[in-house]
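Working notes, beginning with the structure itself.
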Amino acid sequence: MNQIAFIFRQPPYGNASGREGLDALLATSAYSENLAAFFMDDGVYQLLSHQQPTGILAKDHSAMFRLCALYDIEHLYVSEKALIERNIDPTQLLMPVIVLTADAFHHMLSAYPVKLMF
């Protein structure tokens, strides 16, 4: 199967995009080992720890990103630019990720012929 990149660009709440992307990523891992998740723009908020969505009557799905390790999804890339623009330190994220400069991020993303955006 082709290498597949799952790109997260949307914030975790306000629409179901993040949850649907996570579900698709985990489901696809049963069929392919060539997966990676890329977090850019507001998508970096998907990985922010200590989220409290109950105030907006939403369910917290962010902790489910920790399942990536259980599903052998090891390639989790985060845009350094997006973190800096949002004043987020990598230590504030749910789990260890690979933080890439803008050039490295786009170079790595270009290696995946199939891209799904959420």
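The values are calculated or read from the model by the stated rules, or taken from the named source; none is laboratory data. Everything numeric in this text was worked out from a predicted model, so none of it was measured. FYI the Cβ positions are ideal-geometry reconstructions off the backbone, even for glycines, and counts take in every protein chain you see. We work out accessible area using only protein heavy atoms, side chains counted, and drop any ligands, DNA or RNA first. Shrake-Rupley method; radii C 1.70, N 1.55, O 1.52, S 1.80 Å.
Quick notes
- Sorting 92-101, 25-34, 38-47 by their mean Cβ neighbour count within 10 Å, with the most densely packed peptide first, gives 38-47, 92-101, 25-34.
- Taking the 1.4 Å solvent-accessible surface of the chain as the whole, the part contributed by carbon and sulfur is 53%.
- Restricting attention to the chain, close to 5% of DSSP beta bridges with both partner residues there are antiparallel.
- For region 93-114, the residues whose backbone nitrogen is under 11 Å from a point 7 Å from the Cα of ARG66, taken along Cα to Cβ, are 94-95.
- Per residue accessible area of the chain, 1.4 Å probe, in Å²: 56
- Structure-based [θ]222 nm, the chain - -39500 (n - 2.57) summed over DSSP H runs of at least 4, per residue, nearest 500: -7000 deg cm²/dmol
- FRET efficiency for the ASP23 to HIS106 pair, using the beta carbon distance and R₀ = 30 Å, is estimated at 0.70.
- Along the chain, the longest continuous region that contains none of the trypsin sites (Lys or Arg not before Pro) in a DSSP loop with at most 15 other C-beta atoms within 10 Å is 1-58.
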